[in-house]
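Below is one structure; the comments refer to it alone.
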Amino acid sequence: MRDVAVLSFAQSTAARETERNEVEILMPVVREVIAASGLERSRIEFTCSGSSDFLQGQPFAFVMALDAVGAWPPIRESHVEQDGAWALYEAWVKIQTGEVDSALVYGFGKSAAGNLGDILAMTLDPYCVTPLWPHADSIAALQARAWIESGKGSERSLAEIAARNRAAARSNPHAIVSGTETVDELLSRPYVASPLRAHDCPANGDGASAIVLAAGDLARSVSKRPAWIRGIDHRVDPAALGVRDLTRCRSAELAAQKAGVARDKIDIAEIYAPYSHEEAILREALGVPDTASVNPSGGALCAHVMMSCGLQRIGEVARRILSGEADRGVAHAAHGPALQQNLVCVLEGD
Amino acid sequence: MAENEETEQSLHATHVLEYPFRRSLGPILEKFFTGLAERRFIGSRADDGRVLVPPAEFDPVTAARLGEDRLIEVGPAGIVTTWTWVGKPTAKHPLDRPFAWALILLDGADAPFLHAVDAGGESAMRTGLRVQPRWVEVPQGSIRDVCWFEKED
């Protein structure tokens, strides 16, 4: 395996981008991440993006986003109809092939243009589930209740998770919501989809994020302390909600095992958990120790940008390793109903 | 969360994206939906012995093809295994009054599936509740042939 590292990370999030289109959101993020990488733009050999044309409501909408990176002279480029975390996986594989030594990865989503509830319903089984149009909050709530009734937690545990994330988000300028509420205050609020309350559901927003990757010697030549990717893996569970045990997440367990989470200590974990109970399920699945700092950014509960949020988890871990704040961390991204698909990335400093 | 609110600041226009194709259901789901049109529920037995509803064309664990010999009739009544409440239904939902989404495990099945439950009120919903389907007047082979489930008589 070739050593591959994150050199830089940049992000933009807002509750609602009413003026800027996707290219306008992306341009400053791409400019910032390349400047911080130490690489000239011309030295970046591969570009890979993650986004969903369903959010923009136009086939091949992702092609337009290339205006933000500049595709002349011609560049080598690819796209995944997934979160940017999976674009990072593709770029990592591309570097492993030896064909390129560096890559720019970005993910973006502007869900304000449509009705996110309806769009996510269209990602479900097209014959058996989509015609019923369940909202993503409702699907998550089915899992939350199954988790609570299995005895693994309570509505109070959900509120504790939400309160911790909201408090952490206060020091994150990219968070959309934050708060200082007590657990009891949160528990006094009404349900959105029982047993979930508003603070147990994601603060959806619009934005983008980007990462620059480089292989071994190139990374060392431009960075004193690159954030090395020591393990990365993604796995998927069956889509049907009824055929899996919703109180655990087997695909995340497997991805964590393959990525080698347990091989050494974990200082920090950034978990893609847009619903409170998901953090608890994933924490167990990934094997995150109690000593680790979990979602110091406030996580997906406090800023959830579709198609960018998973890449942001990798970026949030990487930037703390780049700064020397943490030595080893795990980042996680998810897709699909009730945590169907999971990606796990282990990052380390020298 | 709240979304699709009109914004005052920006110009906006409605853009309808359609998927105007007809697709085959395949050999297994076709039986499930033909069954619904006859007011019957068809499941299939997976490699590990579990009865799945809707039936699966490929085993969710082994990915092996599950043939028509695996099909088995289940239900029509069953129990709620988990649920949530929809206080404000949208125009696309099966009911125009508050209702529950539930995973419903039909009698004879081992895997539940999603549908609506007309419970009257949230306080009447609970895991373990026995429910039965209410069928549309003229079933057409769709998941919406079941209007919703309701408390068993």
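The values are calculated or read from the model by the stated rules, or taken from the named source; none is laboratory data. Model, not experiment: these values are computed from the prediction. Cβ placement follows ideal geometry from the backbone for every residue including glycine, while neighbour counts extend to all protein chains displayed. These area figures cover heavy atoms from the full protein model, side chains too; ligands, DNA and RNA do not enter into them. Shrake-Rupley method; radii C 1.70, N 1.55, O 1.52, S 1.80 Å.
Inside the range A:37-53, can you point out the residues that are assigned to a helix (DSSP H, G or I) and surrounded by fewer than 14 Cβ atoms within 10 Å (Cβ to Cβ)? If the condition is that a residue be assigned to a helix (DSSP H, G or I) and surrounded by fewer than 14 Cβ atoms within 10 Å (Cβ to Cβ), then A:Ser42 is the only one that fits. Hey, does the range A:219-240 have a residue that's touching a His at 6+ places or on another chain (Cβ under 7 Å), polar (S, T, N, Q) and touching a residue at least 60 places away in the same chain (Cβ under 8 Å)? For the range A:219-240, residues touching a His at 6+ places or on another chain (Cβ under 7 Å), polar (S, T, N, Q) and touching a residue at least 60 places away in the same chain (Cβ under 8 Å): absent.
Within the range A:127-155, residues that are more than 15 Å from A:Glu279 (Cα to Cα) sit with their Cβ atoms under 6 Å from residues that are open to solvent by 50 Å² or more (accessible area, probe 1.4 Å) and in a helix (DSSP H, G or I), at 6+ positions apart or across chains, in these pairs: A:Pro131/B:Arg144. Among the residues of the range B:31-40, none qualifies, meaning not one is in a loop (DSSP other than H, G, I, E, B), in contact with a Gly (Cβ under 9 Å, 6 or more places away or on another chain), surrounded by fewer than 18 Cβ atoms within 10 Å (Cβ to Cβ) and at the interface with another protein chain (Cβ under 7 Å from one of its Cβ atoms). Among residues of the range A:76-100 that are of a type in the set (Asp, Glu), those with a beta-carbon under 6 Å from a residue that is assigned to a helix (DSSP H, G or I) at least six positions away or on a different chain give the pairs A:Asp83/A:Gly310. Each residue in the range A:154-205 was checked for being crowded, with 18+ Cβ neighbours inside 10 Å, among the basic types (Lys, Arg) and within 29 Å of B:Gly121 (Cα to Cα), and 1 pass. Any residue in the range A:15-30 that is assigned to a helix (DSSP H, G or I), open to solvent by 40 Å² or more (accessible area, probe 1.4 Å) and more than 14 Å from chain B (Cβ to nearest Cβ)? Yes, the range A:15-30 has at least one match. Can you name every residue in the range A:54-74 that is modelled with pLDDT of 90 or more, surrounded by fewer than 19 Cβ atoms within 10 Å (Cβ to Cβ) and either within 14 Å of chain B (Cβ to nearest Cβ) or not in a helix (DSSP H, G or I) (or both)? Of everything in the range A:54-74, just one residue is modelled with pLDDT of 90 or more, surrounded by fewer than 19 Cβ atoms within 10 Å (Cβ to Cβ) and either within 14 Å of chain B (Cβ to nearest Cβ) or not in a helix (DSSP H, G or I) (or both), namely A:Pro74.
Look at (1) within 14 Å of another protein chain (Cβ to nearest Cβ); (2) surrounded by 24 or more Cβ atoms within 10 Å (Cβ to Cβ); (3) over 16 Å from the mean Cα position of the chain (by Cα) and you find that A:Ala285 fails only one, number (1). Entry remark, the range B:57-86: residues being open to solvent by less than 20 Å² (accessible area, probe 1.4 Å), outside any strand (DSSP E or B) and either within 10 Å of another protein chain (Cβ to nearest Cβ) or within 20 Å of B:Cys147 (Cβ to Cβ) (or both) number 2 in total. The set of residues in the range B:97-140 that are assigned to a loop (DSSP other than H, G, I, E, B), more than 10 Å from chain A (Cβ to nearest Cβ) and within 19 Å of B:Thr34 (Cβ to Cβ) comprises B:Gly108, B:Val136, B:Glu137, B:Val138, B:Pro139, B:Gln140.
If you check A:Arg145 against the conditions, is it assigned to a helix (DSSP H, G or I), touching a strand residue (DSSP E or B) at 6+ places or on another chain (Cβ under 6 Å) and open to solvent by 10 Å² or more (accessible area, probe 1.4 Å)? Spelling it out, A:Arg145 is indeed assigned to a helix (DSSP H, G or I), touching a strand residue (DSSP E or B) at 6+ places or on another chain (Cβ under 6 Å) and open to solvent by 10 Å² or more (accessible area, probe 1.4 Å). The single residue among B:Thr90, B:Thr82 that is under 30 Å from A:Asp200 (Cα atoms), among the hydroxyl-bearing types (Ser, Thr, Tyr) and touching a helix residue (DSSP H, G or I) at 6+ places or on another chain (Cβ under 7 Å) turns out to be B:Thr82. Filter the range A:156-213 for residues that are assigned to a loop (DSSP other than H, G, I, E, B), of a type outside the set (Lys, Arg) and over 20 Å from the mean Cα position of the chain (by Cα); which is farthest from the other protein chains (Cβ to nearest Cβ)? By that ranking, first place goes to A:Thr182. If I go through the range A:87-112 residue by residue, how many of them are within 22 Å of the chain's Cα centre (by Cα), away from chain B (no Cβ under 14 Å) and open to solvent by less than 10 Å² (accessible area, probe 1.4 Å)? Residues in the range A:87-112 being within 22 Å of the chain's Cα centre (by Cα), away from chain B (no Cβ under 14 Å) and open to solvent by less than 10 Å² (accessible area, probe 1.4 Å): 11 in total. Out of all the residues in the range A:128-137, which are closer than 20 Å to B:Cys147 by Cα and either assigned to a helix (DSSP H, G or I) or not assigned by TED's automatic domain parsing to the domain that holds A:Ala193 (or both)? Once the filter is applied, which keeps residues that are closer than 20 Å to B:Cys147 by Cα and either assigned to a helix (DSSP H, G or I) or not assigned by TED's automatic domain parsing to the domain that holds A:Ala193 (or both), the range A:128-137 yields A:Thr130, A:Pro131, A:Leu132.
Looking across the range A:263-296, the residues that are touching a residue at least 60 places away in the same chain (Cβ under 8 Å), closer than 24 Å to A:Ser178 by Cβ and not hydrophobic (A, V, I, L, M, F, W, C) come down to A:Asp267, A:Glu270, A:Tyr272, A:Pro274, A:Tyr275, A:Ser276, A:His277, A:Glu278, A:Glu279, A:Asn295, A:Pro296. Scanning the range A:230-246 for residues that are more than 8 Å from every other protein chain (Cβ to nearest Cβ) and not in a strand (DSSP E or B) yields A:Asp237, A:Ala239, A:Asp245.
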